[in-house]
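The values are calculated or read from the model by the stated rules, or taken from the named source; none is laboratory data. Treat the numbers as computed from the prediction; the structure is a model and nothing was measured. Cβ coordinates were reconstructed from backbone atoms using ideal geometry, including for glycine residues, and neighbour counts include every protein chain displayed. Each accessible area value is taken on the protein alone, full model and side chains, heavy atoms only, with ligands, DNA and RNA left out. Shrake-Rupley method; radii C 1.70, N 1.55, O 1.52, S 1.80 Å.
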Amino acid sequence: QVQLVESGGGLVQAGGSLRLSCAASGSIFRANNMGWYRQAPGNQRELVAAITSGGSTNYSDSVKGRFTISRDNAKNTVYLQMNSLKPEDTAVYFCKAEVPPWWSSTRRHYWGQGTQVTVSS
């Protein structure tokens, strides 16, 4: 069983920064693809940023150039550095792990409980 615990959310003014962390346990972290998603009230959950086990990254167009995803395999942690925050970034942010098929053939995706990010104008 994989456990993911997010932290670092909070209230920030527009233009400010936050860094989210997601600590993982219960799997071989370095083999996982990791991602950050967000969900605003009334909206579907959407991908914000992702990083593969090999370190390749991709971002949604809405955060490209402002957010940076990174991982520290020694600490089993993935980060999301968020700069130049906008009110439209307000959402609950979720961490997601995709484990490799050789680790689990029955369940590949795990989610954290989410952390609230609120950006005031």
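Annotation: of all residues in region 94-103 being touching a residue at least 40 places away in the same chain (Cβ under 8 Å), over 30 Å from residue 15 (Cα atoms) and open to solvent by 20 Å² or more (accessible area, probe 1.4 Å), the one that is farthest from the chain's Cα centre (by Cα) is 103. Of the set (1) in contact (Cβ under 8 Å) with a residue 60 or more places away in the chain; (2) within 14 Å of the chain's Cα centre (by Cα), all apply to residue 16 but (2). Could you grab me the full set of residues in region 1-27 that are assigned to a loop (DSSP other than H, G, I, E, B) and within 13 Å of residue 110 (Cβ to Cβ)? Result: 1, 2, 26, 27. Determine whether region 44-63 contains at least one residue that is in a strand (DSSP E or B), polar (S, T, N, Q) and either open to solvent by less than 50 Å² (accessible area, probe 1.4 Å) or within 13 Å of residue 92 (Cβ to Cβ) (or both). Looking for residues that are in a strand (DSSP E or B), polar (S, T, N, Q) and either open to solvent by less than 50 Å² (accessible area, probe 1.4 Å) or within 13 Å of residue 92 (Cβ to Cβ) (or both), one finds none in region 44-63, hence no. Is it fair to say residue 119 is in a strand (DSSP E or B) and within 12 Å of the chain's Cα centre (by Cα)? So residue 119 fails the test.
For (1) of a type in the set (A, V, I, L, M, F, W, C); (2) open to solvent by 70 Å² or more (accessible area, probe 1.4 Å), each residue gets a yes or a no:
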residue	(1), (2)
69	yes, no
76	no, no
79	no, no
82	yes, no
92	yes, no
105	no, yes
119	yes, no
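When residue 32 is tested against (1) touching a residue at least 60 places away in the same chain (Cβ under 8 Å); (2) among the polar types (S, T, N, Q); (3) open to solvent by 20 Å² or more (accessible area, probe 1.4 Å), only condition (3) is not met.
For the structure I just gave you, tell me whether residue 57 is at pLDDT 95 or above and under 22 Å from residue 31 (Cβ atoms). Yes.
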